[in-house]
Amino acid sequence: MEEPGGTLLAHEEIYKGRIFTVVRDRVRLPKGVEATMEVVRHPGSVVLLPMPDPQHVILVKQYRYAVDRWVWELAAGSLKPGEDPACGAARECEEETGFAPGRVDFVGAFYPTPGYCDEKMNFFKLTALAAPDASRPAVSPDEDEDIRTRSFSLDEVRNMIRRGEIDDLKTVAGLTLV
């Protein structure tokens, strides 16, 4: 049996950006207490496990301004409004790795920060990687992305995590799924 949720009493949009919206809601929580909650609303995202073979995964290295450093991580991206997550995963794979997947398999989904954000990260294993279809328009990373790609063995990536060289949580979580 599903437990009761909260009741929205008042809603205010504080900020609307390109990737997410921030709202302030007055709610009645399940135990009857009223509270004001700030929530980051996000359309959801896809996290990619592009695997050229069963023992290797392609990671991307990119500069992340929020932490002011270059980070090795699984490729990922926000979903477009109404976009099917599997289609978004295939699109992001081509944009960020340069490979088109022949197979896209859903392997799990997580809420990374449910205390203040509704983003759901959908994880996909992408295999049968090949050059994109030349008859379709080429896709490339977003203008604000400077991406380097490299294939690593799963053992190499797990060792990088243990040594603290990879500290991106979506990457750590994603590797538990393969």
Only one of Tyr65, Tyr111 is surrounded by fewer than 14 Cβ atoms within 10 Å (Cβ to Cβ), closer than 30 Å to Leu29 by Cβ and hydroxyl-bearing (Ser, Thr, Tyr); which? Tyr111
Here the qualifying pairs (Cβ atoms under 6 Å; residues six or more apart or on different chains; first in segment 116-134 and among the β-branched types (Val, Ile, Thr); second surrounded by fewer than 20 Cβ atoms within 10 Å (Cβ to Cβ)) come out as Thr127/Arg103
Which ones in segment 20-37 are in contact (Cβ under 8 Å) with a residue 12 or more places away in the chain, loosely packed, with under 13 Cβ neighbours inside 10 Å and among the charged types (D, E, K, R)? Glu34
Boolean, Lys61 is touching a Pro at 6+ places or on another chain (Cβ under 8 Å) and basic (Lys, Arg): no
For segment 1-18, check the following and say yes or no: at least one residue is modelled with pLDDT under 95, among the aliphatic types (A, V, I, L, M), farther than 29 Å from Leu129 by Cβ and more than 16 Å from the chain's Cα centre (by Cα). yes
Give me a count of the residues in segment 28-82 that are within 14 Å of the chain's Cα centre (by Cα), assigned to a loop (DSSP other than H, G, I, E, B) and not small (Gly, Ala, Ser). 5
Test result for Asp84, in contact with a His (Cβ under 6 Å, 6 or more places away or on another chain) and either at pLDDT 95 or above or of a type in the set (Ser, Thr, Tyr) (or both): no
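The values are calculated or read from the model by the stated rules, or taken from the named source; none is laboratory data. Computed from a predicted structure; not experimentally measured. Positions of Cβ are backbone-derived with ideal geometry, glycine not excepted, and every protein chain shown enters the neighbour counts.
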